[in-house]
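**Student:** Starting off with a structure, shown below.
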Amino acid sequence: MSYQAYIDNITLKTGKNPDQIREDALSQGVITENMKATVFTDWLKKEYQLGHGHSMALWKYFIDHKWIITKNSKI
């Protein structure tokens, strides 16, 4: 499955696009400085019942859009 297919399937499965998921994460205090992927993926599993592959695709999407900055992020 391609990266874009993961993002498209997330929108279909959850009824929310990545921007809306970001808003939910911000309002629930999920996104923190130097957060770990596991915190994010665990939240996605609990909140949206997303599996590891879909969650990691969203992690990459959030990193690419600079919505999440980690100590390993390339700035």
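**Student:** Heavy atoms only, probe 1.4 angstrom, no DNA, RNA or ligands counted: give me Met56, Met35 ranked by accessible area, highest first. Please list the in-between numbers first.
**Tutor:** Details: Met56 65, Met35 10 Å².
Per-residue accessible area, sorted high to low, gives Met56, Met35.
**Student:** Carbon and sulfur together cover what percent of the accessible area of the chain at a 1.4 Å probe radius? Please report the intermediate quantities before stating the final value.
**Tutor:** Numbers: 2460 of 4830 Å².
Result for the chain: 51 percent of the exposed heavy-atom area is carbon or sulfur.
**Student:** Okay, moving on. Run the quick spin-label model on Gln49 and Leu12: label points 7 Å from Cα toward the beta carbon, then report their separation in nm to one decimal.
**Tutor:** Simple spin-label model gives 1.6 nm for this pair.
**Student:** Another one. For Cα extents along the principal axes in Å, one of [x] 54, 31, 22; [y] 31, 26, 19; [z] 39, 31, 19 was computed from the structure I shared and the rest are decoys. Which label?
**Tutor:** Here Cα extents along the principal axes in Å agrees with entry [y].
**Student:** Using just the helices of the chain, give the 222 nm mean residue ellipticity in deg cm²/dmol: DSSP H runs with n ≥ 4 each add -39,500 (n - 2.57), and the total is spread over all residues, rounded to 500.
**Tutor:** Numbers: 4 runs with 47 residues, N = 75.
Result for the chain, helices only: -19500 deg cm²/dmol.
**Student:** For the pair Tyr3 and Thr32, what calculated FRET efficiency results from E = 1/(1 + (r/R0)^6), where r is the Cβ-Cβ distance and R0 = 25 Å, to the nearest 0.05? Mind dumping the intermediate values first?
**Tutor:** Values: r = 25 Å, r/R0 = 0.99.
In this case the efficiency is close to 0.50.
**Student:** Helix 37-48 versus the longest principal axis of the chain: what angle, 0 to 90°, nearest 10, using Cα atoms?
**Tutor:** 30 degrees
**Student:** Given H placed on each backbone N at 1.01 Å, which residues far from Ile68 in sequence or on other chains put an amide H within less than 5 Å of it?
**Tutor:** Those lying under 5 Å, H to H, from Ile68 are Ile63.
**Student:** Here is a follow-up. Could you pull the accessible area for Lys60 with a 1.4 Å probe, rounded to 10 Å²?
**Tutor:** Lys60 exposes around 100 Å² with every protein chain in place.
**Student:** Further question: Compute the accessible area per residue over the chain, keeping the other protein chains in place, probe 1.4 Å, unit Å². Can you show the working numbers first?
**Tutor:** On the way: 4830 Å² over 75 residues.
In whole numbers, the chain has 64 Å² accessible per residue.
**Student:** Let me ask something else about it. About the Cα centre of the chain, what is the dipole size in debye to 20, counting +1 per Lys and Arg Cβ and -1 per Asp and Glu Cβ, all else neutral? Walk me through the numbers before you get to the answer.
**Tutor:** On the way: 10 positive and 8 negative charges, 45 e Å.
Charge dipole of the chain: 220 debye, to the nearest 20.
The values are calculated or read from the model by the stated rules, or taken from the named source; none is laboratory data. All figures in this text were calculated on a predicted structure; none of them were measured in a lab. No Cβ is skipped: glycine too gets one built from the backbone with ideal geometry, and neighbour counts run over all protein chains shown. What goes into the accessible areas is simple: the full protein's heavy atoms, side chains included, and nothing from ligands, DNA or RNA. Shrake-Rupley method; radii C 1.70, N 1.55, O 1.52, S 1.80 Å.
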